[in-house]
1. Quick one: how many residues across segment 381-405 are outside any helix (DSSP H, G or I) and surrounded by 14 or more Cβ atoms within 10 Å (Cβ to Cβ)?
2. PHE445: assigned by TED's automatic domain parsing to the domain that holds GLN519, at pLDDT 95 or above, among the aromatic types (Phe, Trp, Tyr) and farther than 16 Å from HIS554 by Cβ, yes or no?
3. For segment 137-168, which positions are outside any loop (DSSP other than H, G, I, E, B), over 23 Å from LEU317 (Cβ atoms), in contact (Cβ under 8 Å) with a residue 40 or more places away in the chain and among the polar types (S, T, N, Q)?
4. Against the condition out of contact with any helix residue (DSSP H, G or I) (no Cβ under 7 Å at 6 or more places or on another chain), more than 19 Å from ASN140 (Cα to Cα), in contact (Cβ under 8 Å) with a residue 24 or more places away in the chain and aliphatic (A, V, I, L, M), how does ILE73 come out, does it pass?
5. Inside segment 579-602, can you point out the residues that are touching a Ser or Thr at 6+ places or on another chain (Cβ under 8 Å), surrounded by 15 or more Cβ atoms within 10 Å (Cβ to Cβ) and farther than 20 Å from GLN333 by Cα?
6. Exactly one condition in (1) touching a Lys or Arg at 6+ places or on another chain (Cβ under 8 Å); (2) of a type in the set (D, E, K, R); (3) at pLDDT 95 or above is not met by LYS129; state its number.
7. Go through segment 416-448 and report how many residues are within 25 Å of PRO395 (Cα to Cα) and assigned to a loop (DSSP other than H, G, I, E, B).
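The values are calculated or read from the model by the stated rules, or taken from the named source; none is laboratory data. Worth saying up front: this structure is predicted, and the values here are computed from it rather than measured. As a convention, Cβ positions derive from the backbone with ideal geometry for all residues, glycine included, and neighbour counts pool all protein chains shown.
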Amino acid sequence: MTFSRQLIFFRASIFVRQVRQMAKLSVRCVPEDDKIQISFEYSHNGGTARIYNSERLKIEELGKTLARIEANIRKVVEKKKKKHKPNSDQHSTEPENGEELVLGLYHSLQKVGDEIPVKDAFTDGAVFKICSTEFVVECNPPTVMSIDLPKSIMAGFPTMPKVQYEFTNLADCTFSWSRMKKASTSGKGGSKNNAEKKKGADSSSDSIEVANTLMYTPPTSDIGYHLKFSVTPCQGEISRNDRRLEEISKVEVTAGPGPCPFETRHLYTSSLTEQGIFRVVTYNILADLYANQDYSRDVLYSFCPPYALELGYRLQLLLKEIAGYNSDILCLQEVDRKVFTGDLLPSLALFGLDGYYKEKGGPVAEGCAIFFRTSKFRCIGQHDIILKDKLETDPSCADLLEKTYLNPLLKEILETRTSALQVLAFESVDCAGHRLIVANTHLYFHPDASHIRLIQGIVALRHVQEVLDMYRQKDKESKVCLVFCGDFNTSPNGSMYEYFTTKQINEDHIDWQNAPEGQRVPNVNVRHNLDLATACGNVPYTNFAKNFYAMLDHIFYDLSTLEVERVIPQPEHEEVIQHTALPSVVFPSDHIAQICELKWKS
């Protein structure tokens, strides 16, 4: 290397080190927003540092933005000046010590003109100066915006924080959990808990780091302690400690409810499935939308302690239960939108699962979710519908529409049913030449609505048949199989179950004849060509309420292409009734997960 090149390299290295050591000015500038946000920390003349935030239109001239920033700094300086010098000239516009504020923005040592739009002025690597203080501009740096820790934390159950972030991924962040005693100060108005502060929290010597993972399961030794969780975003291989955010739990770690019945079932699902076999779970997890109501607390689930109906409590049980099943295909019903996006999707990703959500029609913010193990399956298609929309608009349902909508009362009921059908297509990762169609639904619940559920089932199966036919035509070399899961609100004695497993329902079926007055369906004979059976067999119940129990949840599978390898046993009846009914302190839902292992037929 020549001397001149060495000198250039040396100067560049010095510049890089200087930039890294320089204070940062952060700019948030995204295409969908017509404004930019500017943030920096500044201390004038060695005074207390303060964070200055400014939001300006992207098209605003730089000169106007700098004038606004200068005015904000002057305002703070003058306020401090008046506080410490009450007899000083209150009309002075000079900063402390008479120093004039000089602001400027530089690109490669060249001052940027005042007429330049701020979106073009505040670019990566630009240098912003306030008097002798220099800042390097960072556009859209990795940012952790907020951390939300659960309101209930129990030993032995997973704790998953909700982290909001921008311009980074959780995979590019580092985490730290510490346990600490609650810090408090006494004084007028009672004691205050420093643990409730995100920054400036107690970092006393009794704070002990216990984990470096996103999800943490506290051991019994954490009982009585608060947990501190911190997130540090990374930029490449550099940890951005200057952008670290931490939160301390408002609650102490408490003891759990003791052994849960699902832990016995985990003994059968402790390992992942072998090649050619996949484990299927269907589970109505009881939406918070329904559990968190006065009627639920006072009537439906009056036997269950109110704290055990709280979402924060139930989520801990649900995450431990679901994760322990090590499922390859997981079909959930009654999934709150907020629970899917904020809890299940990020949590189950840590266990190798990805998922999709299909919300019911109408204003209800709950629906179905299908999760799949990414080492077993690859999603190749999504074919979700709202059942009533399919009935009303699809030519394949014209015969059914004609006979059901002739009855005004029946038409009104069907028009207001918002049940969704979620359908995903997968190809097997570990068994080439195999594709799997997975359907998931939650049908109408009313006890006098067997005819409605039958109509919904007919529509659902026609759609599933169309999806199957499409993939079989598209790839004739692959074996295309079907698994249909859900809370069908139908027992093995119901007409919908009969239709699925016997392939037909005739016009004289009792559920057509016994429909409530004004809702009867005349002259409907229906058939399908699928070979369906229920994988888990018939059990006494999958839903156990105080005054009702029945098998409502099913895993139907295609007999011609799949076979049952194993069925995971139900909980013991004594465990179910130990706390009267479901849900309880050890059962997070009023339903029991159905679990089986299927394998491709050779």
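1. Initial filter on segment 381-405 (outside any helix (DSSP H, G or I)): 381-386, 394, 405.
Imposing the further condition that a residue be surrounded by 14 or more Cβ atoms within 10 Å (Cβ to Cβ) reduces the set to 381, 383-386, 394, 405.
Here the count works out to 7.
2. no
3. Passing the criteria: THR143, SER146.
4. no
5. Listed by number, the list holds a single entry, TRP600.
6. Tallying (1) touching a Lys or Arg at 6+ places or on another chain (Cβ under 8 Å); (2) of a type in the set (D, E, K, R); (3) at pLDDT 95 or above, LYS129 fails exactly one: (1).
7. 6
Residues checked against (1) within 21 Å of ASN440 (Cα to Cα); (2) among the charged types (D, E, K, R):
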| position | (1), (2) |
| --- | --- |
| VAL524 | no, no |
| ASP531 | yes, yes |
| ALA535 | yes, no |
| VAL539 | yes, no |
| THR542 | yes, no |
| HIS554 | yes, no |
| ASP558 | yes, yes |
